[in-house]
Structures are given as C-alpha cells and as structure tokens.
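Undergrad: The structure that follows is given in the form of structure tokens.
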Amino acid sequence: MSQISDLILKQVQSAASQSGLENNVLDGLSESIMNSLKQTATSPNGIEQLTSLFTGNTSASSSPITNLASQIFSSQVAPKLGLSSSVTNSATSLLPVIINGLVALISKKGSGLDLSSILSSLGAAVSSNKTTAGRLISVLGKLGGLLGKRK
C-alpha cells in the first residue's frame, strides 16, 4: 500500500510543481486519489473500472475513478482546508494529470507493481478464483508473466 501512496504523492508533487498549491492541498489530492482507488476497488464493477484505467482502455480524464477523486476532494477535503472554489477547481483540474502519471508509472515495465498487486493492496476481493476479481487477477497475472512483469 505504501508503494502506491508514494507513487501518488510523487505524481501530485510533479503535477503541482508550478501550481503554487500548498502542501496541505497536495496531501488532500493524494488522499482523495487513494480513497477513490479504495472505494472503486470494493464497489460493484470497480475491478473493471480499475482494469480499464490501468490498461489504457479509459483515459484518466473520462474515468469514473478520477471523477470520484474530484468529488471526494471537493466535498470532503476542500471544506476541511477552508479552500475557495477557485483553489478547489485549480486543484481538481490536476487530478487527470496526476492519475495519468500514476497509470504510466504502474504500466511501465520494471516498476515493481502490477495490477493484481495494486488491487490486492486496495482491498479488492481477490482471495478466491471463484470471484470475478479472482479470475481477473489470475488472467492478469498470466498476462503479466507473458509481458515480463512481476506476477
């Protein structure tokens, strides 16, 4: 889990380097992305949404995962931080860039992460091959092995 959190934080810092946003806003973006991934992993059709995003079938800008991260930031994080609507909009506009960067890092060979390990760390029900998630993880693990990625 900490690997994913670290990757998210690095993407947030990279995307926001020229934005002038304060660290508490950047931490809020990271928290919103992580919560979006966790909620998606445990929701109906969540595995399919994550798979679609991390395999490039859905762009970050049109992904329900990005939309959820934006909603979480706008409704939960921004009010706690007392952010104005313009700062909130500036911050949430970075989410597709951050998530695209995260997807690119995870998709890169040799990153040490693969989709099955991400889903497992996010709490998706992957323990049984009888579940949809379990079957998906099994297939992805085999594909990852064919592509030279860690299972």
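Read-outs: derived from the displayed coordinates by stated rules, not from any lab. Predicted model only: the values in this text are computed from it and were never measured.
Undergrad: State, as an integer percentage, the relative contact order of segment 2-108 based on alpha-carbon contacts under 8 Å between residues 6 or more apart. Walk me through the numbers on the way to the answer.
TA: Values: 98 pairs, mean separation 38.6, N = 107.
Contact order relative to length: 36 percent.
Undergrad: Using only the C-alpha atoms of segment 2-108, find the volume of their convex hull and express it per residue in Å³.
TA: On the way: hull volume 9.9 nm³, N = 107.
Dividing the Cα hull volume of segment 2-108 by its residue count gives 92 Å³.
Undergrad: Would you kindly state how much longer the chain becomes between Gln3 and Thr42 on full extension, computed as 0.36 nm times their sequence separation minus their alpha carbon distance, in nm to one decimal?
TA: Between Gln3 and Thr42, full extension yields an extra 12.1 nm.
Undergrad: Subtracting the Cα-Cα distance from 0.36 nm times the residue separation, let me have the gained length for Lys10 to Ser107 in nm, one decimal. Don't jump to the answer; show the numbers that get you there.
TA: Details: separation 97, 0.36 × 97 = 34.92 nm, distance 1.56 nm.
Result: 33.4 nm gained on full extension.
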